[in-house]
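Novice: One structure follows; several queries about it will come next.
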Amino acid sequence: MKKHYLAAFIILLCAAIATAAELPRILVLATGGTIAGTGATATQTAGYKSAVLPVESLLSAVPQLHGIAAVRGEQFAQVDSKNMTPAIWLKLAARINRAFASDEADGVVITHGTDTMEETAYFLNLAVKSFKPVVLTGAMRPATAPSADGAMNIFNAVAVAAARASGNRGVLVCLNDQINGARDVTKSNTSTPDTFRSGETGLLGYVQGGQPLFYKNTDRRHTANSEFDLATTTALPRVEILYGYAGADAAAAQSLAASGVDGIIYAGVGNGSIFEGILPALTRSAKTAPVVVRSARAGNGPVTRNGEENDDKHGFVAGDNLSPQKARILLMLALTKTRSASEIQQIFNTY
Ligand code: ASP
């Protein structure tokens, strides 16, 4: 009788090992944020402490993960994403590239604060050298809240990263049952769980019952097709953002242009228009040191080259429909290759 129990146990164990071996291998890199946050009380959803809980506790809160993937967690960083930096981006891209190059994982999930998630996502969209899925997720409510969104968001992000259908779509952002592309997504509300939106270009799909449902793809070059190779880059060029508004004083533009930055993103009014009072500071800068990219604070629509401003004459780059914070990232990467405004314009037309 005992022999039968032992045989049955061994068969079950082998079946479990075989199933685990067949499940997609997902590496979860935790970087902090509200998803790892705790409030002083259960109902505290503002002013709580971000980036506290370790990756083990994020994963153990979702035992259902064992049914969909062989998940391995790694504490990569532990920051509120307001303190995310290009130095961390470079290390994160290197870690992901290493994981894929050594066939350590079939997909990567990054848990991240929501404040700058879109920036990390777009950076990785240009820096990861693989078409395998990379999915960022986070939470708007700390883990201690009665309806914390983190656990479901982790489950969905792992499900998306584990699906073959998620490959070659660029880096994805998955929260609130929605899948958005890194290039278009932005945090649109300070507080609510449905904060991530892709503006007029729209989301890529949904995740339901552990399965992604995709409806479209990004047209722009990304990941393994990207020309940016940062393997030996230790620091990115410095690019700052200058905000446009009625009656802006020239002092900020002048001091930024003279500050030694490599590039300036102008978050212009309307179609990237520049107030005449600060135009001289920027045109001077375009002809000498910092490269100037015109973007728009409007949130939707492309900035037209030689439209509201004469880009050919002033040496500017038109920033397409990238938000100022994403135009900054693309300019940082473009500047690792060239300082020519016309070559940088080609890069903005491509990514
Ligand atoms: N301040 C937090 C962060 O970005 C907000 C969040 O994660 O939702 O890290």
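The values are calculated or read from the model by the stated rules, or taken from the named source; none is laboratory data. Just so it is clear, the model here is predicted, and its values are computed rather than measured. No Cβ is skipped: glycine too gets one built from the backbone with ideal geometry, and neighbour counts run over all protein chains shown.
Novice: How many residues, within the range 239-264, are assigned to a loop (DSSP other than H, G, I, E, B) and aromatic (F, W, Y)?
Specialist: Final tally of qualifying residues: 1.
Novice: Among the residues in the range 175-197, are any under 28 Å from T45 (Cβ atoms), hydroxyl-bearing (S, T, Y), without any contact (Cβ under 8 Å) to a residue 60 or more places away in the chain and buried (at least 19 other Cβ atoms within 10 Å of the Cβ)?
Specialist: No - not one qualifying residue is present in the range 175-197.
Novice: Turning to a different aspect of this structure: Quick one: D312 ticks every box in (1) in contact with a helix residue (DSSP H, G or I) (Cβ under 8 Å, 6 or more places away or on another chain); (2) surrounded by fewer than 14 Cβ atoms within 10 Å (Cβ to Cβ) bar one, so which box is it?
Specialist: Exception for D312: condition (1).
Novice: Based on this model, can you work out whether V185 counts as closer than 20 Å to N349 by Cα, in contact with a Phe, Trp or Tyr (Cβ under 6 Å, 6 or more places away or on another chain) and modelled with pLDDT of 95 or more?
Specialist: Answer is yes for this residue.
Novice: May I pose another question? Take the range 21-42 and flag every residue that is surrounded by fewer than 16 Cβ atoms within 10 Å (Cβ to Cβ) and over 16 Å from D149 (Cβ atoms).
Specialist: A21, E22, A40, T41
Novice: Could you please find all residues in the range 29-42 being part of a loop (DSSP other than H, G, I, E, B) and within 10 Å of the ligand (Cβ to nearest atom)?
Specialist: Within the range 29-42, G33, G37 qualify.
Novice: Collect the residues in the range 46-80 that are small (G, A, S), over 19 Å from D115 (Cα atoms) and within 22 Å of the chain's Cα centre (by Cα), keeping them in residue-number order.
Specialist: The answer is G73, and nothing else.
Novice: Looking at G263, G307, G270, G299, can you tell me which residue is under 22 Å from K187 (Cβ atoms) and at pLDDT 95 or above?
Specialist: G299
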